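The values are calculated or read from the model by the stated rules, or taken from the named source; none is laboratory data. Please read all numbers here as calculations on a predicted model, not as lab measurements. Reconstructed Cβ throughout: ideal geometry from the backbone, glycine too, with neighbour counts over all protein chains shown.
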Ligand code: GAL
């Protein structure tokens, strides 16, 4: 009797504690590749450890173009998820629609202002209130190299676009693919972004793609960037159309191709395949971009919810910024922690280089937001810019025509 009463008391206590603390978080994201899925799984595990149910709302499609379309439909129908992977100026766009919750309680309790670089913190706030939580810092201007392929071809890892052309020709002569690429608009924009940065430098990049200065866009530098992009295109294999980015990474991993231009989520694929940087693959800055850094910060906005308490949402945001999550997530994802002062001892040399370069380029004024990854432009301009680059990649458009179209895209409202 005694023990039965105890059991009952325990059962009631358990049920009570679960009811009191458990909540559900539905999270929209596009992390579906091998490395990405492993990374987001860590968040699910940590949320369940806090007693919350994770409702996965994954929408496949690199860079989130598909995810954003689905998100709009859900919000318009009055049924937003708890949180959604949204970044850059779009955070402000969503906040100005009045559909976001604020994270004041958790951000002031945990002193987020002191945990984050000010430039990152500012982007997460709307009218002084945190409406989003950042996850990581990705670097976009990387070139992923298979050293074995270079060895077979007798080629040298390029640091300029002219050297790149030479190396690519040697790799092709050896019967291999020079550049692994997926012909999707966002991947085309990712390559163009690195090419433009390499050709024009950080000051030009800022003027043309952040300030949208017509003189910088309509310039000989942009013309040269498109000419260079055409040269890069000539080294992409003929089956690139529509290929997912992680399949392109797999071509470099397997030694079918020599290089890929991609942000360091690609490193998540190398890591998931058990490959080691420095031996199995190299992470080097895209030609001409060694002294600059295009950053891409993943973040989650949180939605105002009818009839739901904010406990689960706050726990979600707190987990995302916790040192334990920042470490395990970024080790898998290929990015670096966004939280200041993170312990980098478990991270590899690519992550350490990314951290050092982030600090150095910040000082030098060459740390710039990635427009291909929605960090720099209003979303309408970004979409139109991406369309121009992608039509250039898929047609005989001249560089001159592309420059004119880019100028028109920059004026898109
Ligand atoms: C980026 C995103 C990364 C990665 C990549 C490929 O825009 O910031 O986290 O997911 O797309 O999907």
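Looking only at residues that are assigned to a loop (DSSP other than H, G, I, E, B) and in contact with a helix residue (DSSP H, G or I) (Cβ under 6 Å, 6 or more places away or on another chain) in region 164-192, which one is surrounded by the fewest Cβ atoms within 10 Å (Cβ to Cβ)?
174
Just a yes or no: is a residue in region 258-266 under 19 Å from the mean Cα position of the chain (by Cα) and surrounded by fewer than 22 Cβ atoms within 10 Å (Cβ to Cβ)?
no
When region 35-67 is examined, which residues are found to be buried (at least 20 other Cβ atoms within 10 Å of the Cβ), on the phi < 0 side of the Ramachandran plot and near the ligand (Cβ under 10 Å from one of its atoms)?
The answer is 35, 36, 39, 40, 62, 67.
Can you tell me which residues in region 204-216 are touching a residue at least 60 places away in the same chain (Cβ under 8 Å) and crowded, with 23+ Cβ neighbours inside 10 Å? Give the derivation first.
Here is the first cut: in region 204-216, the residues touching a residue at least 60 places away in the same chain (Cβ under 8 Å) are 205-206, 209-210, 212, 214.
Hits for region 204-216 are 205, 209.
Yes or no: residue 244 at pLDDT 95 or above and within 24 Å of the chain's Cα centre (by Cα)?
Spelling it out, residue 244 is indeed at pLDDT 95 or above and within 24 Å of the chain's Cα centre (by Cα).
Could you identify the single residue in 380, 364 that is under 16 Å from residue 289 (Cβ atoms) and surrounded by fewer than 17 Cβ atoms within 10 Å (Cβ to Cβ)? Write out each step before concluding.
Values: 380 fails: under 16 Å from residue 289 (Cβ atoms).
On inspection, the qualifying residue turns out to be 364.
Can you tell me which residues in region 103-120 are out of contact with any helix residue (DSSP H, G or I) (no Cβ under 9 Å at 6 or more places or on another chain) and more than 16 Å from the ligand (Cβ to nearest atom)? Quick ask: steps written out before the conclusion?
The first filter runs over region 103-120 and keeps only residues out of contact with any helix residue (DSSP H, G or I) (no Cβ under 9 Å at 6 or more places or on another chain), leaving 104, 108, 111, 114, 118, 120.
The answer is 104, 108, 111, 114, 118.
Please find, among 287, 323, the residue that is within 19 Å of residue 47 (Cβ to Cβ), away from the ligand (no atom under 15 Å from the Cβ) and at pLDDT 95 or above.
That would be 323, the only listed residue that is within 19 Å of residue 47 (Cβ to Cβ), away from the ligand (no atom under 15 Å from the Cβ) and at pLDDT 95 or above.
Could you give me the residue pairs with C-beta distances under 8 Å whose first residue belongs to region 116-140 and is within 21 Å of residue 292 (Cα to Cα), whose second residue is assigned to a strand (DSSP E or B) and more than 16 Å from the ligand (Cβ to nearest atom) wherever it lies, and which are 6+ apart or on separate chains?
none
Consider residue 80 against the criteria (1) over 20 Å from residue 338 (Cβ atoms); (2) at pLDDT 95 or above; (3) more than 16 Å from the ligand (Cβ to nearest atom); (4) surrounded by fewer than 22 Cβ atoms within 10 Å (Cβ to Cβ): it satisfies all of them except one. Which criterion is unmet?
So the condition that residue 80 fails would be (4).
Which members of region 318-368 meet the condition of being within 19 Å of the chain's Cα centre (by Cα) and assigned to a loop (DSSP other than H, G, I, E, B)?
At the first step, the residues of region 318-368 found to be within 19 Å of the chain's Cα centre (by Cα) are 320-321, 325-340, 347-348, 350-359, 361-362, 366-368.
Those that are within 19 Å of the chain's Cα centre (by Cα) and assigned to a loop (DSSP other than H, G, I, E, B): 334, 335, 338, 339, 340, 347, 348, 366.
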